[in-house]
1. Over region 497-634, what is the relative contact order in percent, taking alpha-carbon pairs closer than 8 angstrom and at least six residues apart?
2. Which distance in nm do the two modelled labels at THR176 and ASP342 give, with both placed 7 Å along the Cα-to-Cβ direction?
3. Amide H of THR476: which non-local residues (sequence gap of 5 or more, or other chain) have their own amide H closer than 5 Å, using H built in the peptide plane?
4. Evaluate the distance, in nm, between pseudo-label points positioned 7 Å from the Cα of LEU279 and of ARG459 along their respective Cα→Cβ axes.
5. Calculate log10 I(q)/I(0) of region 456-582 for q = 0.13, 0.15, 0.16 Å⁻¹, where I(q) comes from the Debye formula with a single equal point scatterer on each Cα and nothing for solvent.
6. Percent of accessible area on region 443-556 owned by carbon and sulfur, 1.4 Å probe?
7. Suppose R0 equals 56 Å; then what is the FRET efficiency for TYR122 and SER518 from their Cβ-Cβ distance, rounded to the nearest 0.05?
8. With 10 Å bins from zero, work out the P(r) of region 284-424 over every alpha carbon pair and list the percent per bin.
Amino acid sequence: MATHSAPRSHAGPGVDDATRGDGPDGPGATGELETFRANHWDALLLQTFAVCGDLRAAHNALREAMADGWEHPDAPGTLEARVRRTAFTRASRRARPRSFNRGGPANPEQRNTLVALHDLAYQERVCVVLACLSDLPVSAVAEVVGASPAATDAMLDRGLDRVATKLARPVDALPTRLRDLSPLLDLEHSPTGRELRSSGQRRRRVALAVGTAAAVALTVLAGLWVRSDDAPSTESLPPQLGPTVGRSLLLTTADLAPVGPARRWQELSTTRNTSGSGLNVTCQRDRFADPQGLRAFVRRFDTTGGGEVGGRTATQTIELSRTERQAHAGYEQAIAWFAGCDQAQTQLVSSYDVAGLGDEAKLLTLRTQSTSRTSLAIGLVRTGNITTWTAITNPGDQAVAPRAVSKVLTTALDGVCSSTSAGGCRSTPRLTRAAPPTTGEQPGMLAVVDLPPIGDIERPWVGTDATAATTNPAATSCDRTDFTKSGARAARTRTFLIPGGSTPQRFGLSETYGRYRSTGQAQAVLDKVGTAMTKCPKTQLGSKITATAQSPKGAEYPWRLWRLQTEISDDDTVTFWMGVTRVGPYLAQIGFVPGGKGQDVSEQVFSELVQRGRDRLAQLATAPQATPSPSATTSPTGGSGR
């Protein structure tokens, strides 16, 4: 597609033309606000109307945005940029869908222009409107849509092409077509600066009164929310917190289209999560991530109407916290539920950092075989005082593609960002595979959530506390590695079993790690293990290596594994999986003794486990964390988004 330069118009002064004078309550406040309104109202109203397509919604949203922007002079960004962004967001949320098609004063040409604009995705539409109706550079447009300049340029190209094609007009004619929407605006009834200032102060007083009433009610009900051992927060509460989260902010069936055809999704229920167990998703440990929160909603969907097993499910939770600090703590708590899941037969598969989305965001995938083989993808995002997460289950081993989940998470963020309790509303997610989050178990070592399901055992893995490695249960009879004697400091070891899992006595998994004086010393021990395993079939009668694998040659954080079989009698053979990995001066050894029939793992599964051990070891190392292995995780573009 050919690249277009953005058409220019002269709809108003630049972003930095407005001055602040003495602030919202200073001597010149009303005069400065009147100057800003006079310079910007007409242009911003036309832009907002073009973006949302509903004149009433555009007028009300812009009026509120100007009043709110003037009432909060210390917010980041220029006043015009903040007013534009707020007006666009609020108007788009409130607009009646395609209200311009319901008659009214628009002539056929104006209606066709609006139809062409509203056939575009929201971000593309904003790009086209600002290119045609403002003098903003691409970098400034990128800030409004929350995308990189390059991505914004691409969206602008697509949008201009599509609108031009729809209207059968050249791209250069589009600014004129959009400016021809001006006669639809009610410019004679635009508010004065004094009216805007009074409106902002009145909204602030109303919000204060409502917030105060909500705070009183919440104080009475605090015993239902607050644990007795939680100290109350000393942070002040914004007065508008009470009424800012409602059902309208939740996802709809149409919003789930990236993870399954919208026509198949059905909404099952929407609740405040105050009845029943309150545990709505696999691995969730408590009713609320923030037990001191002000409000919560949970909405459940599935693709079978709740009437049969085997379809996808989706569950969205929104929690409103009293302060950003408490919201962050709740966000971290929710991550800890899933990243440290100890439910039987549930394993953490992959973890992604999500940049460019809200104030902070994370995406995790798990798989479980507790009742049936199911994969789980969870996207979490926090913006300001609001945390929301959406969990999507899929039958089988393959989770819904992370990028598809990130699209749903972006839509969820767009919904909650219409709340005045929202904070950062960036909506251009960039996924990066990341090391697994910490779990609260022994730092640097495998956790219960890292261990694979074993056969049809329905009992959970249980790990011992890590102890000093006076012996090394992860070593084989071939290598007999002794961390302490080989020079490791602070060597630790722990063992995992499945109590009640009908496994033989020798079944279990062990890990030992230690820190050596240097990377070279740790590598020498790893090499010594490799040499011993290679020689073992020749030095130990009845022993043979049946499988081996290792990291690519020259890997910064190497690993190796072997499958050893040893005949201990004519009728008995012991199988032993062993792997070793190094991160800087840290070395870890992992050993697994399978049980009876169906209680073994494949080479691929054990390879993933050794690499997960490497990723955990990286949490101790002073060197940069190891990059999680593609073989151990689902790629951001892998899986099925349908």
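1. That works out to 25 percent.
2. Between THR176 and ASP342, the simple spin-label model gives 7.2 nm.
3. For THR476, whose amide H was placed from the backbone, the distant partners under 5 Å are THR481.
4. The answer from the label model is 1.9 nm.
5. -0.62, -0.81, -0.92
6. Roughly 52 percent, rounded to a whole number.
7. The formula returns an efficiency of 0.55 here.
8. With a bin width of 10 Å, the distribution comes to 12, 43, 34, 10, 0.
The values are calculated or read from the model by the stated rules, or taken from the named source; none is laboratory data. Values in this document were obtained by computation on a predicted structure and should not be read as measured data. Virtual Cβ from ideal backbone geometry, glycine too; neighbours counted across all protein chains shown. Note: accessible area is taken over every heavy atom of the protein model, side chains too, but ligands, DNA and RNA are not part of it. Shrake-Rupley method; radii C 1.70, N 1.55, O 1.52, S 1.80 Å.
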